[in-house]
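Below is one structure; the comments refer to it alone.
The values are calculated or read from the model by the stated rules, or taken from the named source; none is laboratory data. Keep in mind that what you see is a predicted model, and the values were worked out from it rather than measured. Cβ placement follows ideal geometry from the backbone for every residue including glycine, while neighbour counts extend to all protein chains displayed.
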Amino acid sequence: MGKHWLFEPGRRLTEEGRSMLMKLDRLQQDISTMIDDFTRHMTVRPPEGAPAVNVDLYRDDGYLVAEMELPGIDPQNVELKVYEDRMTIKAERIQEKKVESKDCYCSERYFGKIARVISLPVLVDPDGAKASFKNGVLTVRMPEKAEVEEGGKKVKIE
């Protein structure tokens, strides 16, 4: 097998070199697309030391229900967005009384922002979603979308 040179004498790219670089560029684009697709709906990591937003997901009479514990968080400091296949939650626990570090013996509670993206196991109708907040628990009821048939919809040709 002979040597393949990327460059001709005088540092010009050969035809083989151009072809190889184009293939590498396409491979890089494909890998980037695969990584983006794979990570699109992954959970957003909370800041170091931040509590996780624990969630229960279950079906109830045509609805997908999500219950999340948000103790000590004012509902006014919660942002919830529902999409067909996921929901995002951002919240902030604000420290009302600042204790000087020299006067503090122990500080285990977290104050600050938390966020999470939750992939939904079924498609939902975001327009029909309703949320309520009681005793530190956020409950979101989302109507399930009708199943979409694989392979598209057959259209009559006139």
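Of everything listed in (1) modelled with pLDDT under 90; (2) over 12 Å from R116 (Cβ atoms); (3) surrounded by 10 or more Cβ atoms within 10 Å (Cβ to Cβ); (4) basic (K, R), the single unmet condition for R11 is (3). Residue count for the range 59-75 satisfying the condition of being outside any helix (DSSP H, G or I) and over 19 Å from the mean Cα position of the chain (by Cα): 9.
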